[in-house]
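What follows is calculated from the coordinates using simple rules that are stated; it is not laboratory data. Everything numeric here is computed off the predicted structure, so don't read it as measured data. Glycine gets a Cβ as well: all are built from the backbone with ideal geometry, and neighbour counts include every protein chain shown.
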Amino acid sequence: MLRLGLPQRRKRHLMIACQGEPFDIDEFIETLPDECATVSTFLSGIENEPNERPEPFFQPSRPTPVNAARIQYLFKHRLHDLPNEQRPPCHRDKEHAYVSMYGRMHWDKPAQTLTSGFGSMGQGRYVHPTRPRLITPHEAARLQGFPDYFDFTGVSSVTALREMIANAVPPPLTLSFVAEFIRRKLL
């Protein structure tokens with residue numbers, strides 16, 4: 001996703017079916033930019049939306065009191081990874097390598113893989129990088145590459161909204177393949 005200009009470390013498996021001339025995926029990948037987008041590139045300017053827009057799309061999940069205290073701890077100590085002793089027993093007492101659970105995003109780095117669990121800090125690094133809260137569905141949609149004009153109003157619930165955003169093929173990925181197809185047809 002990084003090569004597509006999206007600020008996510010997510011890896012995707014793509015199956016490409018072609019009719020006619022073969023599609024050389026390595027050649028296509030070489031056409032993609034090398035720059036690495038960061039969370040700040042996509043979230044800058046909308047940090048205050050939860051205070052300004054009451055619609056569910058612009059509101060973060062409300063953490064439990066204990067998770068709200070964990071978020072405050074991250075900010076108070078200027079941390080991105082919650083220390084093991086601050087985690088709940090189910091994540092603290094077992095051997096694990098999931099340091100991103102209960103973590104805070106880095107403003108100047110790509111985000112981890114965005115899943116439908118972005119409404120819970122116990123499911124990944126979903127604490128906003130500069131605000132003591134979880135990311136909003138709008139911010140998650142931006143990290144997936146959805147333009148702000150994309151309309152999610154027909155989605156029936158916040159859970160369905162999270163699933164739709166996180167499970168979607170990012171629009172820039174589709175656009176890249178369409179652009180490559182058009183380029184090949186015009187050559």
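Quick notes on this structure:
- Residue ranges 125-137, 162-174 sort as 125-137, 162-174 when ordered by packing (mean number of other C-beta atoms within 10 Å per residue, highest first).
- In terms of overall dimensions, the C-alpha atoms belonging to segment 104-183 reach 44, 33, 20 Å along their principal axes, ordered largest to smallest.
- Ranked list, fewest to most other Cβ atoms within 10 Å of each Cβ, for Val158, Val66: Val66, Val158
- Taking Asp148, Asp81 and counting other C-beta atoms within 10 Å, the order from fewest to most: Asp148, Asp81
- Cα pair distances of segment 84-128 binned at 5 Å [whole percent]: 5, 23, 32, 20, 15, 4, 0
- Residues Phe118, Phe42, Phe75, Phe146, ranked from the fewest to the most other C-beta atoms within 10 Å, line up as Phe75, Phe146, Phe42, Phe118.
- Using the Cβ of Gly103 as centre and a radius below 9 Å, the other residues enclosed give a net charge of +1, where K and R count +1 and D and E count -1.
- Maximal additional length on extending the Asp151-Asp24 stretch stands at 42.3 nm, based on 0.36 nm per residue less the C-alpha distance.
- Contour minus Cα-Cα distance for Val158 and Asp81 (0.36 nm per residue): 25.1 nm
- For q = 0.15, 0.16 Å⁻¹, Debye-computed log10 I/I(0) when each Cα of segment 26-113 counts as one equal scatterer: -0.78, -0.86
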